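What follows is a short report on a single structure.
The values are calculated or read from the model by the stated rules, or taken from the named source; none is laboratory data. Fair warning: this is a prediction, and the values are worked out from it, not measured in the lab. Cβ: placed from backbone, ideal geometry, glycine included. Neighbour counts: every protein chain shown.
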Amino acid sequence: MKKDTMRQYIHPIILSLLLLSTPTYATVIKIATLSPDGTSWMKTMRGAAKEIARLTDNRVKIKYYPGGVMGDENAILRKMRINQLQGAAVTSGALTRYFKDADIYGMPFLFSSQKEVGYVREHMDKLIIDGLAKNGLISYGLAESGFAYILSNAAIKSVSDLRKQKVWIPDTTSARDAAKAFSLKSIPLPISDVLAGLQTHLVDTIAAPPIASIALQWHSQVKYLTNMPLLYGWGTLVVSKKTLKKLSKKDQTTMHKVMSRTFKGIDIQNKKDNIAALAALKNQGINFIKPNQEQHKEWKSLALFANQQLVKNGINSKKMYALITKLINDYKMK
């Protein structure tokens, strides 16, 4: 065989061997959350991470930092901006700096039932997800934390009862404005500091969904629950759009499919868990307090004023507030 002919066969063989021996580098996506390790939520998310790693042949790996080890939600999002982290599992209130209407579902006394929430979310979840995407954060779906209830160390039926308490609120502009509308003695704290605040009596009243109050052990520091849904909350997992652009289209699609399916499942499960958690709080000896019709009317009246102030002050947009109130009214008309 001539030398030129041999070269003709050897070169492709060498090239193939080089390609086979070239290492495949993984993209590691670091995601932080306040959710404690060992919770069902974290177990589900770790399962999704393993599935993504398997389906991408380990080209995409997710590393979680649970339990607030990376700081509160504001700190986590700051670390995302400098690429120390690439993702965050956070509540809606923390995302308003990226899309100001992210927390519009959390306006006080906006919803009267879970069915109203479901109807509105069918029409508005995508608007929130698109709003976040325009500002560099990709969300794989909203998972409800559910209706928040007032939990306290004193029986609270009326607004005047609440005004006598030291009330924890999230450290957000919308929460501060709502507390101001109700004339509350409010104390802003990061979520990670609430348990210590209850233990040291810095605060004696909080508002939280049942599953969150149990998962974060807040329920162990209170005696009463005002049996009246105060506001609706949700959380999501967001990943930096810049990080995702580094992945191949195929791997982006894989991650989107797995995470979207996972968050849909979490959303459904959280609805069930909140019902069970509410019953568990009662079984653990927390006293359920029910406002009468007149007291409930006062709550609703002040809430309407608070919501209008949030729009007037530019915390939420007129367009989104008009849409959500229209959808709620449309549902009631049905």
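Things to note:
- Any hit, segment 126-134, residues being buried (at least 23 other Cβ atoms within 10 Å of the Cβ), touching a strand residue (DSSP E or B) at 6+ places or on another chain (Cβ under 6 Å) and assigned to a helix (DSSP H, G or I): no
- Scanning segment 241-251 for residues that are surrounded by fewer than 16 Cβ atoms within 10 Å (Cβ to Cβ) and either free of Cβ contacts under 8 Å to residues at least 12 places away in the same chain or part of a helix (DSSP H, G or I) (or both) yields K241, K242, K245, K249, K250.
- Among residues of segment 210-240 being among the small types (G, A, S) and buried (at least 19 other Cβ atoms within 10 Å of the Cβ), the one that is nearest to S174 (Cα to Cα) is G233.
- Taken over segment 84-100, residues that are within 21 Å of P188 (Cβ to Cβ) and in a strand (DSSP E or B) amount to 3.
- Residue in segment 276-298 that is in contact (Cβ under 8 Å) with a residue 40 or more places away in the chain, under 21 Å from the mean Cα position of the chain (by Cα) and more than 30 Å from V159 (Cα to Cα) present: no
- Listed by position, the helices (runs of 4 or more DSSP H) inside segment 137-207 whose residues that are modelled with pLDDT under 95 and surrounded by 20 or more Cβ atoms within 10 Å (Cβ to Cβ) number at least 2 are 173-181.
- All of (1) surrounded by fewer than 16 Cβ atoms within 10 Å (Cβ to Cβ); (2) touching an Asp or Glu at 6+ places or on another chain (Cβ under 8 Å) hold for K63 with one exception: (2).
- Residue that is modelled with the highest pLDDT, among those in segment 25-67 that are more than 17 Å from A89 (Cα to Cα) and in a strand (DSSP E or B): V60
- Number of residues in segment 68-83 that are in a loop (DSSP other than H, G, I, E, B), within 24 Å of L189 (Cβ to Cβ) and not aliphatic (A, V, I, L, M) equals 3.
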